[in-house]
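> First the structure, then my questions, so here it is.
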Amino acid sequence: REIIFVPQNITPISEAGYGVMGMITLRDELITALDLKQVINVPPKAQLSELEQKERRLLILNYAEKSVALLVDGINEVKDIDTNLIEKLPERFADSKVEAVYKEEQQLVSLVSLTYLKELVQEYVIEEDKTDDAHKSDEAQEENSMDEIAAFAINNEEFALAITDVQEIIKYTEVTPV
């Protein structure tokens, strides 16, 4: 995990599809950049202030040695949370992009589905996957364990990802048109 500034430009990809901002190069790796607002169907704000523009970040997710970048409005914090405060969503939301919520002070924070994120990485990688067995997750958790999350904002609503699923957090500046 690390926090770095994003390169000054994102190269657009012609007819790449909804939510795809383009490509970035990070340490000689081509990475597809996605606008998470569009990907999870959160309506965009009309106009971001200059301060809001400066707060935007790219979360670099890595799965099976492949990466994808997700644009978020800002990183609120990286913190440990009590797993007892996490509530799974009912079965009728099984196809949801959000798999659980946790209560923090006076608000609920939506936890983006790990399964959905893995699917995004597999769908948008630049290179072909060589193996799906590279990383296997152990889902067993102790009752009183703690998880570390990266909480981020989209339109003043808070979302979070398990920090183990975030490879990097980098600063996003702007897309340079080609």
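The values are calculated or read from the model by the stated rules, or taken from the named source; none is laboratory data. None of the values given here were measured: they were computed from a predicted structure. All Cβ positions, glycine included, derive from the backbone under ideal geometry; neighbour counts span all protein chains shown. Just the protein is used for accessible areas: all its heavy atoms, side chains included, with ligands, DNA and RNA removed. Shrake-Rupley method; radii C 1.70, N 1.55, O 1.52, S 1.80 Å.
> Can you tell me which residue is farthest from Asn9 (Cα to Cα) among those in the range 49-68 that are touching a helix residue (DSSP H, G or I) at 6+ places or on another chain (Cβ under 9 Å) and open to solvent by less than 50 Å² (accessible area, probe 1.4 Å)?
Filtering the range 49-68 for residues that are touching a helix residue (DSSP H, G or I) at 6+ places or on another chain (Cβ under 9 Å) and open to solvent by less than 50 Å² (accessible area, probe 1.4 Å), the one farthest from Asn9 (Cα to Cα) comes out as Ala64.
> Please verify whether Leu71 is touching a helix residue (DSSP H, G or I) at 6+ places or on another chain (Cβ under 9 Å) and within 20 Å of Leu120 (Cα to Cα), treating the condition exactly as stated.
Spelling it out, Leu71 is indeed touching a helix residue (DSSP H, G or I) at 6+ places or on another chain (Cβ under 9 Å) and within 20 Å of Leu120 (Cα to Cα).
> Right, next: Quick check on Val42: is it touching a residue at least 40 places away in the same chain (Cβ under 8 Å) and closer than 17 Å to Asn155 by Cβ?
So Val42 passes the test.
> Looking at (1) at pLDDT below 85; (2) assigned to a strand (DSSP E or B); (3) in contact with a helix residue (DSSP H, G or I) (Cβ under 7 Å, 6 or more places away or on another chain), find the lone condition where Ile4 falls short.
(3)
> May I pose another question? Of the residues that make up the range 84-100, is at least one outside any loop (DSSP other than H, G, I, E, B), exposed (fewer than 13 other Cβ atoms within 10 Å of the Cβ) and within 18 Å of the chain's Cα centre (by Cα)?
No.
> What's the total number of residues in the range 131-174 that are at pLDDT 65 or above, assigned to a loop (DSSP other than H, G, I, E, B) and open to solvent by 50 Å² or more (accessible area, probe 1.4 Å)?
Restricting attention to the range 131-174, the residues satisfying the condition of being at pLDDT 65 or above are 145-174.
Now drop any that are not assigned to a loop (DSSP other than H, G, I, E, B), which leaves 145, 155-156, 172-174.
Next cut, open to solvent by 50 Å² or more (accessible area, probe 1.4 Å) only: 156, 174.
Summing the residues that are at pLDDT 65 or above, assigned to a loop (DSSP other than H, G, I, E, B) and open to solvent by 50 Å² or more (accessible area, probe 1.4 Å) in the range 131-174 gives 2.
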